[in-house]
């Protein structure tokens, strides 16, 4: 139970740091906004969602779950960009953008996707 409450706190802190709304984070993770609301209340997401959150935030899963790190460096998998194609390139570019640009870009993409439906 303590771990669940800690996850909600860590997620809220991360969202504040990154300037993400619940809807923006939901879009990034490929989940619904109500799922984000549940995570903020402490529900721990499935491992694939937790992994995506770790990748887009640059935080270890250990940190996201506990607020602590063991001090060990988390090994990165050295895979070629060709394995991810355009998605890998987008992520690489995304990580280079300053936070205000990321936020504006997310809002723009959300409107594009909403306009498609």
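Please determine whether any residue of segment 54-65 is modelled with pLDDT under 80 and under 24 Å from residue 113 (Cα atoms).
Filtering segment 54-65 down to residues modelled with pLDDT under 80 leaves none.
No, every residue in segment 54-65 fails to be modelled with pLDDT under 80 and under 24 Å from residue 113 (Cα atoms).
For (1) farther than 27 Å from residue 92 by Cβ; (2) crowded, with 17+ Cβ neighbours inside 10 Å; (3) out of contact with any helix residue (DSSP H, G or I) (no Cβ under 9 Å at 6 or more places or on another chain); (4) touching a residue at least 40 places away in the same chain (Cβ under 8 Å), each residue gets a yes or a no:
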{"position": "12", "(1), (2), (3), (4)": "yes, no, no, no"}
{"position": "28", "(1), (2), (3), (4)": "no, yes, no, yes"}
{"position": "48", "(1), (2), (3), (4)": "no, no, yes, no"}
{"position": "52", "(1), (2), (3), (4)": "no, no, no, no"}
{"position": "58", "(1), (2), (3), (4)": "no, no, no, no"}
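Of all residues in segment 44-62, count the ones that are part of a helix (DSSP H, G or I) and within 13 Å of the chain's Cα centre (by Cα). Don't jump to the end; show me each part of the working.
So in segment 44-62, the residues part of a helix (DSSP H, G or I) come out as 47-57, 61-62.
When the remaining residues are screened for being within 13 Å of the chain's Cα centre (by Cα), the result is 47-57, 61.
Residues flagged as part of a helix (DSSP H, G or I) and within 13 Å of the chain's Cα centre (by Cα) within segment 44-62 amount to 12.
The values are calculated or read from the model by the stated rules, or taken from the named source; none is laboratory data. Given the structure is predicted, the values throughout are model-derived calculations rather than measurements. We place every Cβ from the backbone using ideal geometry, glycine too, and count neighbours over all the protein chains shown.
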